[in-house]
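Since the structure comes first, as structure tokens, the remarks are kept for the end.
The values are calculated or read from the model by the stated rules, or taken from the named source; none is laboratory data. No experiment lies behind these values; they were computed from the predicted model shown. Because the Cβ atoms are built from the backbone with ideal geometry, glycine has one as well, and the counts that use them run over all protein chains shown. Side chains are part of the model used for accessible areas, which takes the heavy atoms of the whole protein and leaves out ligands, DNA and RNA. Shrake-Rupley method; radii C 1.70, N 1.55, O 1.52, S 1.80 Å.
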Amino acid sequence: MNPRDIILAPVVTEKAVGQLADRKYTFRVASDANKIQIAKAVEEIFGVKVAKVNTISMKGQKRRYGRFEGYTSDWKKAVVTLTEGSKTIEFFDGLF
């Protein structure tokens, strides 16, 4: 699998930005990716060293559009912790 197919998008929420000081970065990842694939993809794309990866399967939320209602898609989130000697990810540097 291509690393860019595994890491889909960064998650920029208040909680995710608060964890940047602890060297924890949050990404939306492919649903079938495992922790080892996620760690290798982050290391290859951003050139950093990963200490550990925590994954969470997020349930879709209920949404309404007028009288119609449905659910958003389920998705997978990964919280990647970098090693102490690793550099930071430049994309997130301007957020805090």
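Observations, loosely collected:
- Breaking point among (1) over 12 Å from the mean Cα position of the chain (by Cα); (2) within 12 Å of Trp75 (Cα to Cα), for Ala30: (1)
- Screening Pro10 on (1) of a type outside the set (A, V, I, L, M); (2) under 25 Å from Glu90 (Cβ atoms); (3) surrounded by fewer than 14 Cβ atoms within 10 Å (Cβ to Cβ) shows it passes everything except condition (3).
- Matching option when the condition is open to solvent by 20 Å² or more (accessible area, probe 1.4 Å), in a strand (DSSP E or B) and either touching a Phe, Trp or Tyr at 6+ places or on another chain (Cβ under 6 Å) or in contact (Cβ under 8 Å) with a residue 12 or more places away in the chain (or both), among Thr26, Thr55: Thr55
- Condition check for Ala21: assigned to a helix (DSSP H, G or I) and exposed (fewer than 10 other Cβ atoms within 10 Å of the Cβ): yes
- When the test is whether a residue is open to solvent by less than 50 Å² (accessible area, probe 1.4 Å), touching a Pro at 6+ places or on another chain (Cβ under 8 Å) and at pLDDT below 95, Phe92 passes it.
- Check on Gly85, of a type outside the set (Asp, Glu) and either under 17 Å from the mean Cα position of the chain (by Cα) or at pLDDT 95 or above (or both): no
- Selection count where residues are open to solvent by 70 Å² or more (accessible area, probe 1.4 Å), outside any strand (DSSP E or B) and either touching a residue at least 12 places away in the same chain (Cβ under 8 Å) or farther than 18 Å from Ala16 by Cβ (or both), scope the stretch 58-89: 7
- Of all the listed residues (Lys49, Lys35), the sole one being touching a helix residue (DSSP H, G or I) at 6+ places or on another chain (Cβ under 8 Å), open to solvent by 50 Å² or more (accessible area, probe 1.4 Å) and among the basic types (Lys, Arg) is Lys49.
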